[in-house]
Amino acid sequence: MFYRRAGIRHTRYQDERQLFPLGFDRFLILSVLALLIAAPFLLDRFYLAGYLIPWLIWTSAALGLNLLMGGAGQIHLGYGAVMAIGAYTSVHLVRAGVPLEFAMIAGGLMSASIGIVFGAAALRVKGIYLAMATLAMQYIVDFVISQTPAISGGSLATIQVPPVSFLGISLRGDTETYYFALFVCFLIALFMLNVGRTSFGRALAAVREKDYAAQILGVSVFKYKLLAFWVSSFIGGVVGSVLAVCYLRAISPDQFHIELSIQLLAMVIVGGLGSVLGPFFGAALILFAPIVLNNLTGLVATSFGLAIPIDLRAHIPLIAYGALVIGFLLYEPLGLAKIYSNLRNYMLVWPFRHAQR
Amino acid sequence: MDYILIAELAVSGLFVGLMYALVSLGIVLIYKTSGLVNLAQGAMAMTGGYVTWAIAAGLGAPMWIAIMAALVVMFGAGMMVERLALRRMIGQPVIMTIMLTLGIEIMLRGLMPGVFGAAVKRLDIGIPQAPLFLGELLINRATLIGGVISLGLIVLSLAFFNSRYGVVMRAVADDQTASWSVGIRVERAIAVAWGLGAVMATSAGILWGATQGVDWSLSLLLVKALAIAILGGLDSIPGVLLAGLIVGVAESLATGIIDPLVGGGTRDIVASVIILVTLLLKPHGLFGREHIERV
């Protein structure tokens, strides 16, 4: 019904190949984008800084991880460390007086050049062993960052991010920061949408399906595995610097620990492996469901006079987060994006279900 | 360098390593039979500690009954985890099973402190606190007894693999389809492996709980257990024994010798370095079987 295909005639190949061939999809995307652009005028400051900005940043990071996991089929348990490298590099550069635009790129390049070491492990081992190797690297990078005074400013130190501006706009207020995060997220999403249509994306898909087969077809597994880690780590580094500048504003090593990596992994899985829409849904659910649930239990406890122990209430977010991951893997392994696409497929031909191919 | 100190560190490292090895024994057992790496093993050890504490303190049972009851409960819990969660994952990509066990880990890490309280629980299994002097070496009695019990359990599990059911499990580990065709109930063997894995995690949780108290930090045993499992080879039980000793001694020596040089924190990094070096040099570990992949 809504996603009407009737009356849409593609008379040129170009029309078939566009990102969103259906008019309704384009309309939906544009209206969501318009809503996001209008958000600072519609929403309270609190929601903007507390919900939308982290959502955009975590989504961008999950998109970068999804390129590696969904696109190239490599497991990465150390994405938090990659982001930490980008964040620390760019913050140190900004403090040294380098403009943010260059500092971000430099953070990305630094992350990419270290992230490619993670990729070197992928050349040697795969599957569960790769997961272990990246996990170990996460701990090692954490250790190096927190134990090197030149990077972290001494153990248990936090580094303040000085006031910065992007393309001449000062990123002090929430509105400017929000637009900056939205811009970065938009660019990364656009890249991810298009990467599947390039030879690079197709080579990654070949490597994902079977690396030997890809090699036989003439796709250099060596090159594309490293390239996948390079690109994904570059995105991670840039997002890490955005995270530091826009949201944290003072960075310390413990903000980039294994918990961040697992959180991003959970967003990718819950959202949908290999989909661009997925990380948007996944980030929203993983970030906000525990908070909402916690508030709900608080509400229930006060309105019905139930005495929920304080320890239990403190741990409800963790329980909810674990339960979400388990539940999605068991009941919808392809995540929220799959649920959306099922709905879309249903609506495409509703009410003529028998017409579905 | 002070040789007494080094000897002391090495000896205590040996026993601590044996206690780590007990956690990774479960990982190896589960990997051997079902080909999955259980990242919830540390959280299972924590759960075992909490359950023992709850039975002992909550129901007022004597400690040995509490331990027995906890082992039985956790055997059932391990089988339930396999039956309800992991069995549905057969045929899914490896990232899904990794993520599922991580999800279980996160949930247990929230559930146990949430239900039983987050404060550190003392678990007194009757080991005197006074240190033991062996010549000039000072040895922590809890780690000594814990290490000896762990060694006993590891030897016991080696013996188990020569028993009738152990042979069945070895067959399943070798080739699931072939075992199926000669009438072995593969699903049950895998479920039993998960149950036994949970039992080993529980005994490790009790021993560690006796030395450092029961709280969520018991789940951090996971990284060390993984290091041992990978260094020894994911499917080798003798490997666990040797790798446990190596990791324990390496960690203890690093804490004593490198820590003063770099300002602390090496204890947690030794395991990661061992994982990385093993994977890059000899991915199948010291005793692991090399898998030859066919296209």
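Each reported figure results from applying straightforward, stated rules to the coordinates on display, with no laboratory input. Here the structure is a predicted model, which is why all the values come from computation and not from measurement. Don't worry about glycine lacking a Cβ; one is built from the backbone with ideal geometry, like all the others, and counts go over all protein chains shown.
7 Å from Cα along Cα→Cβ at both A:Trp350 and A:Leu296: what's the point-to-point distance in nm?
About 2.3 nm, to one decimal.
Using only Cα positions of region A:241-293, each an equal point scatterer, no hydration layer, compute I(q)/I(0) via Debye at q = 0.17 Å⁻¹ and quote the log10 values to two decimals.
So the normalised log intensities work out to -0.62.
Quick one: Cα centre-to-centre distance for region A:260-335 and region B:28-60, in angstrom?
Cα centroid of region A:260-335 versus Cα centroid of region B:28-60: 23 Å apart.
Would you be so kind as to identify which of B:Ile4, B:Ile95, B:Met46 lies farthest towards the positive end of the dipole of region B:1-126, taking Lys and Arg as +1 and Asp and Glu as -1 on Cβ and the Cα centre as origin?
Going by the Cα projections, it comes out as B:Ile95.
Report the one residue of A:Pro40, B:Ile190, A:Ala205 whose Cα lies farthest in the direction of the positive end of the charge dipole of the protein assembly as shown (charges on C-beta: Lys and Arg +1, Asp and Glu -1; origin at the Cα centre).
Result: A:Ala205, furthest along the dipole toward the positive end.
Describe numerically, in nm with one decimal, the distance between label points set 7 Å from Cα along Cα→Cβ at A:Ile216 and at A:Ala120.
In this crude label model, A:Ile216 to A:Ala120 measures out at 3.1 nm.
For the charge dipole of region A:20-355, defined by +1 on Lys and Arg C-beta atoms and -1 on Asp and Glu C-beta atoms about the Cα centroid, which residue among A:Ile310, A:Leu67, A:Ile151 has the Cα displaced farthest towards the positive pole?
A:Leu67
Multiply the residue separation of A:Arg4 and A:Gln160 by 0.36 nm, subtract the distance between their alpha-carbon atoms, and state the gained length in nm to one decimal.
That pair, A:Arg4 and A:Gln160, stretches by 51.0 nm at full extension.
Can you work out ³J(HN,Hα) from phi for every residue in region B:42-54, in order, using Karplus 6.51 cos²θ - 1.76 cosθ + 1.60 and θ = phi - 60°, giving whole Hz and x for Gly and Pro?
Residue by residue, region B:42-54 yields x, 5, 5, 4, 4, 4, x, x, 5, 5, 4, 4, 5 Hz.
Please give the length that would be gained between B:Glu187 and B:Lys282 if that part of the chain were fully extended, namely 0.36 nm times their separation in residues minus their C-alpha to C-alpha distance (nm, one decimal).
Length gained between B:Glu187 and B:Lys282: 31.1 nm.
Rounded, prolate or oblate: which fits chain B when a ≥ b ≥ c are the square roots of the eigenvalues of the alpha-carbon gyration tensor, with rounded for a/c under 1.5 and prolate only if a/b beats b/c?
Working: a/c = 1.70, a/b = 1.25, b/c = 1.35.
Taking the square roots of the gyration eigenvalues as a ≥ b ≥ c, chain B is oblate.
Size of the dipole of region A:20-355 about the Cα centre, Lys and Arg at +1 and Asp and Glu at -1 on the beta carbon, nothing else charged, in debye to 20?
Values: 17 positive and 12 negative charges, 153 e Å.
Using Cβ point charges on Lys, Arg, Asp and Glu, region A:20-355 gives about 740 debye.
Would you calculate a helix-derived [θ] at 222 nm for the protein assembly as shown, using -39,500 (n - 2.57) for each DSSP H run of n ≥ 4 and dividing by the full residue count, to the nearest 500?
Details: 27 runs with 448 residues, N = 652.
Helices in the protein assembly as shown give a 222 nm mean residue ellipticity of -23000 deg cm²/dmol.
Classify region A:124-175 as rounded, prolate or oblate from the Cα gyration tensor: take a ≥ b ≥ c as the square roots of its eigenvalues, call it rounded if a/c is under 1.5, otherwise prolate when a/b beats b/c and oblate if not. Walk me through the intermediate numbers first.
On the way: a/c = 4.07, a/b = 1.79, b/c = 2.27.
It comes out oblate by the Cα gyration axes.
Which lysines, if any, have their Cα less than 27 Å from the Cα of B:Lys32, not counting same-chain residues under 8 positions apart?
Reachable lysines: A:Lys126, A:Lys210, B:Lys224, B:Lys282.
From the phi angles alone, apply the Karplus equation (6.51, -1.76, 1.60; θ = phi - 60°) to region B:157-168 and give each ³J(HN,Hα) in whole Hz, x where the residue is Gly or Pro.
With the stated coefficients, region B:157-168 comes to 6, 4, 5, 4, 5, 9, 7, 4, 5, x, 5, 4 Hz.
How many Cβ atoms of partner chains, on average, are near each residue of A:120-127 if near means within 10 Å of its Cβ? Walk me through the numbers before you get to the answer.
Working: counts 1, 4, 0, 0, 4, 4, 3, 5.
Across A:120-127, the average partner-chain Cβ count within 10 Å equals 3.
Listing A:His354, A:His315 from the residue with the fewest other Cβ atoms within 10 Å to the one with the most, what is the order? Walk me through the intermediate numbers first.
Details: A:His354 6, A:His315 22.
Ordered from fewest to most neighbouring Cβ atoms within 10 Å, A:His354, A:His315 come out as A:His354, A:His315.
Report relative contact order for chain B in percent, whole number only (criteria: Cα-Cα under 8 Å, sequence separation at least 6).
36 percent
List the chymotrypsin sites (Phe, Trp or Tyr not before Pro) in region A:245-306 that DSSP assigns to loop (not H, G, I, E or B) and whose Cβ has at most 15 other Cβ atoms within 10 Å. Which are they? List each step's numbers first, then the result.
Values: sites: A:Tyr247, A:Phe256, A:Phe280, A:Phe281, A:Phe288, A:Phe304; in loops: none.
Sparse-neighbourhood loop chymotrypsin sites (Phe, Trp or Tyr not before Pro): none present.
Which far-off residues, 5 or more places away or on another chain, put their amide H under 5 Å from the one on A:Phe166, with H placed in the peptide plane?
Those qualifying (amide H under 5 Å, at least 5 residues apart or on another chain) are A:Leu171.
Could you work out which residue, out of B:Ala159, B:Ala250, B:Ala198, moves most in a Gaussian network model of chain B, that is, has the largest mean-square fluctuation with Cα springs under 10 Å?
Taking springs between Cα atoms under 10 Å, the residue moving most is B:Ala159.
Compute the distance in nm between two label points, each set 7 Å from the Cα along the Cα-to-Cβ direction, one at B:Val120 and one at A:Tyr247.
3.3 nm
Where the only charges are on Cβ atoms (+1 Lys, Arg; -1 Asp, Glu), what is the dipole of the protein assembly as shown about its Cα centre, to the nearest 20 debye?
Working: 40 positive and 30 negative charges, 430 e Å.
Result for the protein assembly as shown is approximately 2060 debye, rounded to the nearest 20.
Treating the beta-carbon of each Lys and Arg as +1 and of each Asp and Glu as -1, no other charges, what is the dipole magnitude of region A:204-264 about its Cα centre, to the nearest 20 debye?
Numbers: 5 positive and 4 negative charges, 42 e Å.
I would put it at about 200 debye.
Under the definition of Cα pairs under 8 Å and six or more residues apart, what whole-number percent is the relative contact order of chain A?
Dividing the mean separation by the residue count of chain A yields 27 percent.
Kindly provide the GluC sites (Glu not before Pro) of region B:203-295 that DSSP labels as loop, not H, G, I, E or B, and whose Cβ sees at most 10 other Cβ atoms within 10 Å. Mind dumping the intermediate values first?
Values: sites: B:Glu251, B:Glu290, B:Glu293; in loops: B:Glu290, B:Glu293.
Taking region B:203-295 and a limit of 10 other Cβ atoms within 10 Å, the loop GluC sites (Glu not before Pro) found are B:Glu290, B:Glu293.
Quick check: from the Cα gyration tensor, does the protein assembly as shown come out rounded (a/c under 1.5), prolate or oblate?
It comes out prolate by the Cα gyration axes.
Which value results for Rg/Rh of chain A when Rg is the Cα radius of gyration and Rh the Kirkwood radius based on the inverse mean 1/r? Working shown, then result.
Numbers: Rg = 21.5 Å, Rh = 21.8 Å.
For chain A, the value is 0.99.
Beta carbons within 10 angstrom, averaged per residue: use that to sort the peptides B:203-212, A:325-334, highest first.
On the way: B:203-212: 25.0, A:325-334: 18.2.
Peptide ranking by packing, descending: B:203-212, A:325-334.
Other chains' Cβ within 10 Å of B:78-85 residues: what's the mean?
Details: counts 0, 0, 0, 0, 0, 0, 2, 3.
Taking all residues of B:78-85 together, the mean is 1.
Ranking B:Ser12, B:Ser181 by Cβ neighbours within 10 Å, fewest first, what do you get? Before the final figure, lay out the partial values.
Values: B:Ser12 22, B:Ser181 9.
Listing B:Ser12, B:Ser181 from fewest to most nearby Cβ atoms yields B:Ser181, B:Ser12.
Taking other Cβ within 10 Å of each residue's Cβ, how do B:Lys282, B:Lys32 sort, fewest first?
In increasing order of surrounding Cβ atoms, one gets B:Lys282, B:Lys32.
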